[in-house]
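The values are calculated or read from the model by the stated rules, or taken from the named source; none is laboratory data. Keep in mind that what you see is a predicted model, and the values were worked out from it rather than measured. For neighbour counting, all protein chains shown are included, and Cβ atoms are generated from backbone atoms with ideal geometry for every residue, glycine included.
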Amino acid sequence: MSVAPPNGRAIGVGLGQLHVAREGELVAYSLGSCVAICLFDPVVRVAGMAHVVLPNAPPHFDGGLPGKFADTAVPALLDALRAWGAVPLRLRCHLAGGAAVLMLASGALPDIGARNVEAARAALARARIAILGEATGGTQGRTVRLDAATGRVRVRSVHGPEVEL
Amino acid sequence: MDVQMSQGVAWPDVLPCLAPAVEQAATSAARVLGEMAGRDIAAGRVALQPVALADLPLVAGDPERPVVAVHLAVQGATAGHILLALSERMAHGLVDMLLGQPEGTTTELDELGRSALAEAGNVAGSFFLTALAERARAVLAPTPPLVLHDMCGAILDALAAQLALLACEEALVIETQFTCDGQVVDAAFFMLPAPALLGVLTGAGAPQEVGHVGRAP
């Protein structure tokens, strides 16, 4: 199963995946508690996105899907971007997602969204990457689009207008 | 698709064992929904499908499609999730049926409408769980219902993350469609059992009491 590009330019970035591109649009569709980490180097014009599912990799993580965890996604995405000529110090970063979609009054389920956002911020701080804009938290899901050529990041919630970060 | 769960349960063994219980549970849930709505609601196609967690947000089609859903969690070590997902139009129609209003009265979900849907989801989910639990000789109880109005994929994304936290790589998606007065309606009932719950349902795990008891059906 794969995400069908709606206009032929979109590249769906699914749960736990990370992707780097110079053109087209990287899209994380309908994030719930997951977080999209969006990076863009404005000089070499290359963009990368990771679709993070959980905050931290388990102790014996085999490295199979580094985009799945915030703490492994950031270094893996940086490695991928470096391979395309990007320089970490130049990277522009945006975060989106991390909603508490299943917020039960009883607190029966852990708020994975908040933990994901916190872990992504920490991993980016360790890599000395500043976050320029965020659309995180709340209780509604979001679709996030990163234009690989310009670095523009647009976010939309259900029935909400699309906003640029 | 790999037929072996990451937790070591073989799908070819699990699915035939589980299917009759799920069909009976779906019939029970549909019947009680019909009684509440005063309409002839029946369980349609019942599908059991192992899905990689990465694909879970796409399992109900367009992930950006707005839905109204009632979510119930099964708590404890044998965790799982139940979701009654309706298109917005179907949700408004169901509210009218539940409140005895002329069709078309509800155009937006207010507190009363959300409460009616929560009750319907709670009762249907509880009947579904009870029917499964009786077959498995276990006691399974849901959390209180939560009404969600969001992108379908966002709800499933959040459920995928909850299952990933339990080290699941795949989920068994149990999907039931409904018919109302003989017509297939835009509503689906999903159950996503975590591996331990799957073990209980298929007799691989010891019967046990789990979870906090919500409102009784």
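Does region B:55-76 contain at least one residue that is more than 9 Å from chain A (Cβ to nearest Cβ) and either within 25 Å of A:Gly64 (Cα to Cα) or free of Cβ contacts under 8 Å to residues at least 40 places away in the same chain (or both)?
Checking region B:55-76: not a single residue is more than 9 Å from chain A (Cβ to nearest Cβ) and either within 25 Å of A:Gly64 (Cα to Cα) or free of Cβ contacts under 8 Å to residues at least 40 places away in the same chain (or both).
Residues being among the hydrophobic types (A, V, I, L, M, F, W, C) and closer than 22 Å to A:Val27 by Cβ: count how many of those fall in region B:50-108.
9
Are there any pairs, at least 6 apart or on different chains, whose C-beta atoms fall under 6 Å, with the first in region A:52-69 and at the interface with chain B (Cβ under 9 Å from one of its Cβ atoms) and within 19 Å of B:Asp157 (Cβ to Cβ) and the second part of a loop (DSSP other than H, G, I, E, B) and of a type in the set (A, V, I, L, M, F, W, C), and if so, which?
Sorted first by the residue in region A:52-69, then by its partner, the pairs are A:Val53/A:Leu15; A:Val53/A:Cys34; A:Lys68/A:Val53.
Here are some conditions: (1) at the interface with another protein chain (Cβ under 7 Å from one of its Cβ atoms); (2) farther than 14 Å from B:Val70 by Cα. B:Phe178 meets all but one. Which one does it not meet?
If we test B:Phe178 against (1) at the interface with another protein chain (Cβ under 7 Å from one of its Cβ atoms); (2) farther than 14 Å from B:Val70 by Cα, just (1) comes out false.
Name the residue, out of A:Leu31, A:Leu102, that is within 11 Å of chain B (Cβ to nearest Cβ), at pLDDT below 95, in contact with a helix residue (DSSP H, G or I) (Cβ under 8 Å, 6 or more places away or on another chain) and crowded, with 24+ Cβ neighbours inside 10 Å.
It is A:Leu102.
One residue is enough: does region B:149-161 have a residue meeting the conditions surrounded by 24 or more Cβ atoms within 10 Å (Cβ to Cβ) and either more than 14 Å from chain A (Cβ to nearest Cβ) or of a type in the set (D, E, K, R) (or both)? Full working, then the answer.
Let us first name the residues in region B:149-161 that are surrounded by 24 or more Cβ atoms within 10 Å (Cβ to Cβ), namely B:150-161.
Imposing the further condition that a residue be either more than 14 Å from chain A (Cβ to nearest Cβ) or of a type in the set (D, E, K, R) (or both) reduces the set to B:150, B:157.
Yes, the conditions are met somewhere in region B:149-161.
Select from region B:115-141 the residues that are without any contact (Cβ under 8 Å) to a residue 40 or more places away in the chain and buried (at least 19 other Cβ atoms within 10 Å of the Cβ) and write down the one among them that is farthest from B:Leu84 (Cα to Cα).
B:Ala133
Just the residues that are more than 18 Å from A:Gly12 (Cα to Cα) and either more than 14 Å from every other protein chain (Cβ to nearest Cβ) or not in a strand (DSSP E or B) (or both), please, taken from region A:129-157.
Correct list: A:Ile129, A:Ala130, A:Ile131, A:Leu132, A:Gly133, A:Glu134, A:Gly137, A:Gly138, A:Thr139, A:Gln140.
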